[in-house]
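Below you'll find the structure, written out as structure tokens, and then a few comments.
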Number of protein chains: 2
Amino acid sequence: MHFAEPLRLQSGASLRDYTLAYETYGTLNAERSNAVLICHALNASHHVAGVYADQARSEGWWDNMVGPGKSVDTNRWFVIGVNNLGSCFGSTGPMHRHPDTGEVYGADFPVVTVEDWVDAQARLLDRLGIDTLAAVMGGSLGGMQALSWTLRYPLRVRHAVVVASAPNLNAENIAFNEVARRAIVTDPDFHGGHFYRHGVVPKRGLRIARMIGHITYLSDDVMNEKFGRSLREAVGQASADPYRYTTQDIEFQIESYLRYQGDKFSEYFDANTYLLITRALDYFDPARHHGGDLSAALAGTQARFLLVSFSTDWRFSPARSREIVSALLRNRREVTYAEIDAPHGHDAFLLDDPRYLNLVRSYFENIDTPEAA
Amino acid sequence: MHFAEPLRLQSGASLRDYTLAYETYGTLNAERSNAVLICHALNASHHVAGVYADQARSEGWWDNMVGPGKSVDTNRWFVIGVNNLGSCFGSTGPMHRHPDTGEVYGADFPVVTVEDWVDAQARLLDRLGIDTLAAVMGGSLGGMQALSWTLRYPLRVRHAVVVASAPNLNAENIAFNEVARRAIVTDPDFHGGHFYRHGVVPKRGLRIARMIGHITYLSDDVMNEKFGRSLREAVGQASADPYRYTTQDIEFQIESYLRYQGDKFSEYFDANTYLLITRALDYFDPARHHGGDLSAALAGTQARFLLVSFSTDWRFSPARSREIVSALLRNRREVTYAEIDAPHGHDAFLLDDPRYLNLVRSYFENIDTPEAA
């Protein structure tokens, strides 16, 4: 969907002539009361679920959650997946051309925030003729968008489903983001963000960024169970002393896994997008305009909430979700909260845990679709 | 101390014509029974304590622990600090010349292990005429060396003090090491480890490595308390909306802290040393020759032990120290174990916590110095 009118951003800058890539699943009912907006996290897009014509299996990032008969049942709900501004998966981003200059934005793409994304999503809904969402839903950074929706458009959201999220990043989260950004920015192929002009990609930095990310997505437990101190097969079987005594060869399986993830990521993800999205994460902090008081910040919400966290998620720990729950309860909002005992760390929000998927299913089964939207 | 005779390494390679830098504090008694060896961790050296002639204050890394009247009282103990092989602080390392070729070792410096360091330290003690140590002591990687001493030279160690350490690295530890190594190795200034020839230093990689390290040394709690989401003063005071909406400027204090630490480190630390030391950490695993059975691995120890861990240390968590304690107890060894409730994470082992310093003091007060060594 193309938008010609300028979008005023939190930074004071504006974006005009931008496009939002989106997908929908299911059918909007006559009352326009069954729309569910799904917001994505760092490495994802509008392609939430389903299979494209030429594909054997879905590459949708929440295909286990969204679809006919699934927790978010597209036989009942009209689900919208939208790619955020600044992304590299279809919506206008740093790889596109500035409408005035005709130059690729690169590092000049304006810094966008969670609030900016929500505003852009609201315009998309306007165009789609949807006044009120039955629900807005997201995990991690997507959960921040869902929370932000209830603040910026309190009357347009009936339910918010906030999974594995937080009311803001803590110092450690920001620290990991900063290391990843430094790795990208100090890669000589970054060229101040204008690497497109040079026909190169700062792959070294992207690899490091992704490796760091992966460590924080997994729990210590699942890493130990999945990889432990195991050596790569070819190495491990060799002799009584299987170590190769090198500093650069891949010897441990965890090294192999991380390098593979880093390599893959560096092939498709845009470096400027990485900077933008991590900064949006850093900046999100609805309490900051209320002297750090989250209860005061959430006083204007009208929605009902489902919050879900995962016991071994150390990136967005259950304690951070409980902060949101407490702040909502202090405002006498209706909140359902579940802490799923799952070993997978932050990644759990994308995985098949029956308790988690059934919980979301039950919640959605209890959302009504009023006759008049 | 120079050593001409070759040291056979775990890898099968040998090192000859090497030098070990060391310092001593206090006086060796007539019975030679009051020697305490202190082993260092990643970013430290033989300079454990005390003040050099031209210094106003000590730069010794354990000066709060070691000195006249301190926990390890140098009025009573003859303390030895030794710099490990492969380091960049005085002992033979990658920046030195290979005795055969006259070329700087660089990436050709042989991979050294905790066991190799212990063997080299034992030779130093031979030269100093010290047969038996009253105690060997270290924190983190230094604790691994102390533990290794009790295995390789069980009759030469009466007490081992193992602080904030582990019986091996887990997958997450190895993962962080690997990311740091990749950042260094993929820095174009690394030149396959032979950057000295090119007159450059892979500072970008070293900075990233150090930033990652610092995140893992601190606890989540102490990071939140020390930095939280605070903005740099100059930025934070500016306006109602203090964000600058940039992806590369330093805005949060935690960013400023990490960049400063990274910059400082990259000025003095050798990249090849970083690779070597992190690999020595990865490889250490005394149980691996016993099918992973740590009790079996520690069966040969004769020393008495003090183990100390810190509640918020997520790099070398208390659980890892308890594994060592359990394995020793199963072998009916005499073990004192303390878990210090400290907020500082892994860094706590270097800090002034009265309970910790007093504990070590008491332990050392109860070590006797036999008449006959």
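The values are calculated or read from the model by the stated rules, or taken from the named source; none is laboratory data. As the structure is a prediction and not an experimental result, all values here were calculated from the model. Glycine gets a Cβ as well: all are built from the backbone with ideal geometry, and neighbour counts include every protein chain shown. Each accessible area value is taken on the protein alone, full model and side chains, heavy atoms only, with ligands, DNA and RNA left out. Shrake-Rupley method; radii C 1.70, N 1.55, O 1.52, S 1.80 Å.
Annotations for the structure displayed:
- Condition met for A:Val136 (out of contact with any Pro (no Cβ under 9 Å at 6 or more places or on another chain), open to solvent by less than 10 Å² (accessible area, probe 1.4 Å) and part of a strand (DSSP E or B)): yes
- Screening B:Arg32 on (1) surrounded by fewer than 14 Cβ atoms within 10 Å (Cβ to Cβ); (2) over 28 Å from B:Phe265 (Cβ atoms); (3) out of contact with any strand residue (DSSP E or B) (no Cβ under 8 Å at 6 or more places or on another chain) shows it passes everything except condition (1).
- Filter result for A:Asn75 (touching a Pro at 6+ places or on another chain (Cβ under 8 Å), surrounded by fewer than 18 Cβ atoms within 10 Å (Cβ to Cβ) and assigned to a loop (DSSP other than H, G, I, E, B)): yes
- Checking each residue in the range B:89-133 for being closer than 27 Å to B:Leu306 by Cβ, in a helix (DSSP H, G or I) and acidic (Asp, Glu) picks out B:Glu115, B:Asp116, B:Asp119, B:Asp126.
- Within the range B:254-268, being more than 10 Å from every other protein chain (Cβ to nearest Cβ) and open to solvent by 10 Å² or more (accessible area, probe 1.4 Å) holds for B:Tyr260, B:Gln261, B:Asp263, B:Lys264, B:Glu267, B:Tyr268.
- Complete set of residues in the range B:152-165 that are out of contact with any Gly (no Cβ under 6 Å at 6 or more places or on another chain) and either closer than 21 Å to B:Arg322 by Cα or in a strand (DSSP E or B) (or both): B:Val157, B:Arg158, B:His159, B:Ala160, B:Val161
- When the test is whether a residue is more than 8 Å from chain B (Cβ to nearest Cβ) and without any contact (Cβ under 8 Å) to a residue 24 or more places away in the chain, A:Val200 passes it.
- Flag if A:Ser45 is within 14 Å of chain B (Cβ to nearest Cβ), closer than 30 Å to A:Gly102 by Cα, touching a residue at least 12 places away in the same chain (Cβ under 8 Å) and among the hydroxyl-bearing types (Ser, Thr, Tyr): no
- Residue in the range B:22-40 that is touching a Gly at 6+ places or on another chain (Cβ under 9 Å), of a type in the set (Ser, Thr, Tyr), over 21 Å from B:Leu357 (Cα atoms) and outside any loop (DSSP other than H, G, I, E, B) present: yes
- Considering A:Ala135, A:Ala146, the condition of being in contact with a strand residue (DSSP E or B) (Cβ under 8 Å, 6 or more places away or on another chain), more than 14 Å from chain B (Cβ to nearest Cβ) and more than 27 Å from B:Tyr243 (Cα to Cα) is satisfied by A:Ala135 alone.
- Among the numbered conditions (1) out of contact with any Gly (no Cβ under 9 Å at 6 or more places or on another chain); (2) open to solvent by 20 Å² or more (accessible area, probe 1.4 Å), the only one that A:Phe3 does not meet is (2).
- Considering only residues in the range B:172-197 that are of a type in the set (Phe, Trp, Tyr) and more than 7 Å from every other protein chain (Cβ to nearest Cβ), the one that is most open to solvent (accessible area, probe 1.4 Å) turns out to be B:Tyr196.
- Listed by first and then second residue, the pairs linking a residue in the range A:350-363 that is open to solvent by less than 60 Å² (accessible area, probe 1.4 Å) to a residue that is of a type in the set (Ser, Thr, Tyr) and modelled with pLDDT of 95 or more, with Cβ atoms under 7 Å apart and 6 or more places separating them unless they lie on different chains, are A:Leu357/A:Ser71; A:Val360/A:Ser71; A:Tyr363/A:Thr336.
Every residue, every condition in (1) at pLDDT 95 or above; (2) of a type in the set (Val, Ile, Thr), yes or no:
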residue: B:Arg181; (1), (2): yes, no
residue: B:Pro188; (1), (2): yes, no
residue: B:Tyr196; (1), (2): yes, no
residue: B:Pro202; (1), (2): yes, no
residue: B:Arg207; (1), (2): yes, no
residue: B:Met211; (1), (2): yes, no
residue: B:Val235; (1), (2): no, yes
residue: B:Ala240; (1), (2): no, no
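- Considering (1) within 11 Å of chain A (Cβ to nearest Cβ); (2) crowded, with 24+ Cβ neighbours inside 10 Å; (3) in a loop (DSSP other than H, G, I, E, B), the lone condition that B:Asn168 does not fulfil carries the number (2).
- Filter pass, B:Asp221 being surrounded by fewer than 18 Cβ atoms within 10 Å (Cβ to Cβ), at pLDDT below 95 and more than 8 Å from every other protein chain (Cβ to nearest Cβ): yes
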